[in-house]
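The values are calculated or read from the model by the stated rules, or taken from the named source; none is laboratory data. As the structure is a computational prediction, the values presented were derived from the model and not from experiment. A quick note on method: Cβ atoms are made from the backbone with ideal geometry, for glycine too, and the neighbour counts reach across all protein chains shown.
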Amino acid sequence: MSKPLHDTLHRVTQRVIENSRASRSAYLDLVAREADNQGDRNAVSCSNLAHAYAGALEDQAALVAAKGPNIGIVTSYNDMLSAHQPYGRYPDRLKIYAREVGATAQVAGGTPAMCDGVTQGETGMELSLFSRDVIALSTAVALSHAMYDGALMLGICDKIVPGLLIGALRFGHLPVIFVPGGPMPTGVANKEKQRIRQLYAEGKVGRAELLASEMGSYHSPGTCTFYGTANSNQMMMELMGLHIPGSAFIQPGTQLRQALDRAAVHRVSQIGHKGDDWRPLGHCVDEKAIINAAVGLLATGGSTNHAIHIPAMARAAGVIFDWNDLSELSSAVPLIARVYPNGAGDVNHFHDAGGIGFVVGELLEAGLAHRDIMTVGTGDLSEYAREPGLDGNLQEGGALVWRDVGDSADLEMLRPVSKPFQPDGGMRLVTGNLGRACFKSSAVEESRWTIEAPCRVFEDQPSVAAAFKAGELDRDVIVVVRFQGPRANGMPELHKLTPPLGVLQDRGYRVALVTDGRMSGASGKVPAAIHCTPEALGGGPLSRLRDGDVIRLCAATGELSTTADLAAREPVPDPSDANGTGREIFGMFRRFADGAEQGGSAMLATAGL
């Protein structure tokens, strides 16, 4: 017997519903209007239809007859992202699957898809967060043609899934299913990869050894296997019911992956406006689905980037969700998974141990997730507490089936709610006279949850690296990296800081990071207050700090403060806008971006959402 809904989950959900009452109502009115206005392709002029059908040589007759739904494919394919490389062949396959059920499919459009792993520490990273807005805008362009009865979203990685979802939600009358590609096989052990990175940071191995280690980790098509933002995205799509159940971590090129892709096409063709089981995206993504995404993030120790993405995705559906909600949920949701960088095993080990199915089952049983959400499946969230498999060879008529997960196959990776790794979800809000920030305590030893030390202030990552190499940080220190917020430079991830700070910590020093920038889902063992808001640009508290000011960071009490008299100081001048790598043409996004807690979006801010 499942327990009743947990009191904290109920309280936060009711608060989110109340705070969202006006905006959610306005959004649902939009969904209803769009369903009425764009519900029938036959109402579109013949000239428009002819333009849309001209290139679909194999499906022209079916499109003209309009006997079945036409599915729009929005793809973020490129072959520079290992995770998205498999999507190159997807459109042709998806069109075949559509024909099997009397439907048609067309590539509605493509979106850019940059890789934070490639741009780490480079100037291109300053475009990363705003690429989410660009992806959302590209998705809206793709779906603007009033030709589609449903849509499939091909995207996996960091900003791509949030961007696709934000854009698709503005067409919330359509049924939408997200189609993942799956993770690459496991490569070099994560602890070994981390060891080589730190040796390189200390100058004990060279570039050739580092590159060999990295190539052994990231070695083939598929999602990177650590539990960063990309794989956290896949978990959240499951908890929101937007995947075919259990799709997230099935590897590319397998028969099971093919069967799940096929099921996605068949299912989206069944849940459109003209059928008797209409499941529009705008109704699937409601307050309870957003809460489920946050709960899944906390239970699995997912990426801190989603402290920015969840509020942004919620806003696109008329839902107001902030860091108070996330922190309060964290107090009640136990950490039941340890996936690298929070543990030794990667997402393949996580899946083999029971994976998403185990997590969903445990959360539902404990009253820590909303069962009664509208999913793209045939029922509610309980369908996602099982794991997919094949009954026989697919080429010989084998069928897709779902099985009970059972107990965890590895208690070092996955534990029941009754015996968690930590009693809370480890995503804590820290506040004080330095602003509001997020602290991922699930990745940090409890003995390091409180750090009080003089600070050293920097304004970019290379300056930190230079100070480290010069031995200037060999002491107890809180490193402050400011002017890294959305309006300053697009809020890049500062993952290049992890190895040197990790080395200092291993040398016995008590160190921490405070920044208005981001750290990725791969951020690890060093305590960090990230996404600090208000950001330094424009006179935020961080702009008034000076070297030597004592800062106290405490995840246990939720404190982020300094003993310095900030009000008595003038802020340092804002840096000038940087040019190059296309950053100058993103000036509009920086100028109009809102704060990290609201999602750091210029598009949503200027749209009044």
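Pull up the range 55-93, narrow it to residues that are in contact with a Leu (Cβ under 7 Å, 6 or more places away or on another chain) and surrounded by fewer than 24 Cβ atoms within 10 Å (Cβ to Cβ), then point me to the one that is nearest to ALA142 (Cα to Cα).
Residue satisfying both the conditions and the ranking: TYR77.
Any residue in the range 34-45 that is acidic (Asp, Glu) and within 27 Å of ALA314 (Cα to Cα)?
Looking through the range 34-45, at least one residue is acidic (Asp, Glu) and within 27 Å of ALA314 (Cα to Cα).
Looking only at the range 586-602, decide whether some residue is closer than 29 Å to ASP325 by Cα, among the aromatic types (Phe, Trp, Tyr) and touching a Pro at 6+ places or on another chain (Cβ under 9 Å).
Looking through the range 586-602, at least one residue is closer than 29 Å to ASP325 by Cα, among the aromatic types (Phe, Trp, Tyr) and touching a Pro at 6+ places or on another chain (Cβ under 9 Å).
Which of the following residues is under 21 Å from GLY608 (Cα atoms) and touching a residue at least 12 places away in the same chain (Cβ under 8 Å): LEU152, LEU137, LEU174?
LEU137
Filter the range 125-143 down to the residues that are among the hydroxyl-bearing types (Ser, Thr, Tyr) and modelled with pLDDT of 95 or more, then identify the one that is nearest to ASN70 (Cα to Cα).
Of everything passing the filter in the range 125-143, THR139 is nearest to ASN70 (Cα to Cα).
Out of the range 185-226, which residues are among the basic types (Lys, Arg) and either crowded, with 17+ Cβ neighbours inside 10 Å or touching a residue at least 60 places away in the same chain (Cβ under 8 Å) (or both)? If you could, list the steps in order and put the result at the bottom.
Filtering the range 185-226 down to residues among the basic types (Lys, Arg) leaves 191, 193, 195, 197, 204, 207.
Within the range 185-226, LYS191, LYS193, ARG197 meet the criteria.
Does LEU542 qualify as being in a strand (DSSP E or B), surrounded by 23 or more Cβ atoms within 10 Å (Cβ to Cβ) and on the phi < 0 side of the Ramachandran plot?
So LEU542 does not fit the description; no.
Report, by residue number, each residue of the range 197-228 that is of a type in the set (D, E, K, R), out of contact with any helix residue (DSSP H, G or I) (no Cβ under 6 Å at 6 or more places or on another chain) and not in a loop (DSSP other than H, G, I, E, B).
Correct list: ARG207, GLU209, GLU214.
Taking helices (runs of 4 or more DSSP H) that do not extend beyond the range 314-381, which have at least 3 residues that are among the aliphatic types (A, V, I, L, M) and without any contact (Cβ under 8 Å) to a residue 12 or more places away in the chain?
Correct list: empty, since no element meets the threshold.
Do we find that LEU127 is within 22 Å of the chain's Cα centre (by Cα) and surrounded by 18 or more Cβ atoms within 10 Å (Cβ to Cβ) in this structure?
Numbers: within 22 Å of the chain's Cα centre (by Cα): yes; surrounded by 18 or more Cβ atoms within 10 Å (Cβ to Cβ): yes.
Answer is yes for this residue.
Kindly indicate whether any position in the range 49-57 is in contact with a strand residue (DSSP E or B) (Cβ under 7 Å, 6 or more places away or on another chain) and outside the structural domain of PRO486 (by TED's automatic domain parsing).
Scanning the range 49-57, I find at least one residue that is in contact with a strand residue (DSSP E or B) (Cβ under 7 Å, 6 or more places away or on another chain) and outside the structural domain of PRO486 (by TED's automatic domain parsing), so the answer is yes.
In this structure, does SER303 turn out to be at pLDDT 95 or above and buried (at least 24 other Cβ atoms within 10 Å of the Cβ)?
In short, no.
Out of ALA50, ALA22, report the one residue that is within 32 Å of the chain's Cα centre (by Cα), in a helix (DSSP H, G or I) and among the hydrophobic types (A, V, I, L, M, F, W, C).
ALA22
Which members of the range 24-79 meet the condition of being out of contact with any Ser or Thr (no Cβ under 8 Å at 6 or more places or on another chain), of a type in the set (D, E, K, R) and touching a residue at least 12 places away in the same chain (Cβ under 8 Å)?
Scanning the range 24-79 gives ARG24, GLU34, ARG41, GLU58, LYS67.
Within the range 161-173, is there a residue that is of a type in the set (Lys, Arg) and buried (at least 20 other Cβ atoms within 10 Å of the Cβ)? If you could, list the steps in order and put the result at the bottom.
In the first step, residues of the range 161-173 are kept if they are of a type in the set (Lys, Arg); the result is 170.
In the following step, the residues that additionally are buried (at least 20 other Cβ atoms within 10 Å of the Cβ) were identified as 170.
Checked against the condition, which is being of a type in the set (Lys, Arg) and buried (at least 20 other Cβ atoms within 10 Å of the Cβ), the range 161-173 yields at least one hit.
If the requirement is being over 30 Å from ALA259 (Cβ atoms) and of a type outside the set (Phe, Trp, Tyr), which of these qualifies: GLU122, GLU100? Please lay out each step first, then the result.
Working: GLU100 fails: over 30 Å from ALA259 (Cβ atoms).
Being over 30 Å from ALA259 (Cβ atoms) and of a type outside the set (Phe, Trp, Tyr) holds for just one of GLU122, GLU100, which is GLU122.
What are the residue pairs meeting all of these: first residue in the range 571-588, first residue over 19 Å from THR119 (Cα atoms), second residue aromatic (Phe, Trp, Tyr) and in a loop (DSSP other than H, G, I, E, B), Cβ atoms under 6 Å, and 6 or more apart or on different chains?
Close Cβ pairs satisfying both conditions: PRO575/PHE483.
Among the residues of the range 256-271, are any buried (at least 24 other Cβ atoms within 10 Å of the Cβ) and on the phi > 0 side of the Ramachandran plot?
No, the range 256-271 contains no residue that is buried (at least 24 other Cβ atoms within 10 Å of the Cβ) and on the phi > 0 side of the Ramachandran plot.
Name the one entry in GLU584, GLU570, GLU559 that is among the charged types (D, E, K, R) and under 28 Å from ARG510 (Cβ atoms). Before you say what the answer is, go through the steps one by one.
Numbers: GLU584 fails: under 28 Å from ARG510 (Cβ atoms); GLU570 fails: under 28 Å from ARG510 (Cβ atoms).
Result of the check over GLU584, GLU570, GLU559: GLU559.
Scan the range 507-525 and tell me whether some residue there is of a type outside the set (Asp, Glu), in the same structural domain as GLY432 (by TED's automatic domain parsing) and in a helix (DSSP H, G or I). Break it down into steps so the answer makes sense when it comes.
Restricting attention to the range 507-525, the residues satisfying the condition of being of a type outside the set (Asp, Glu) are 507-515, 517-525.
Restricting the remaining residues to those that are in the same structural domain as GLY432 (by TED's automatic domain parsing) gives 507-515, 517-525.
After this cut, where a residue has to be in a helix (DSSP H, G or I) as well, the list is none.
Scanning the range 507-525, I find no residue that is of a type outside the set (Asp, Glu), in the same structural domain as GLY432 (by TED's automatic domain parsing) and in a helix (DSSP H, G or I), so the answer is no.
Output the residue which, of all residues in the range 482-491 that are of a type in the set (A, V, I, L, M, F, W, C) and more than 19 Å from ASP549 (Cβ to Cβ), is surrounded by the most Cβ atoms within 10 Å (Cβ to Cβ).
Here the residue is MET491.
Filter the range 175-196 down to residues that are in a loop (DSSP other than H, G, I, E, B) and out of contact with any helix residue (DSSP H, G or I) (no Cβ under 8 Å at 6 or more places or on another chain) and give me whichever is farthest from ALA151 (Cα to Cα).
So, considering only residues that are in a loop (DSSP other than H, G, I, E, B) and out of contact with any helix residue (DSSP H, G or I) (no Cβ under 8 Å at 6 or more places or on another chain), the one farthest from ALA151 (Cα to Cα) is ALA189.
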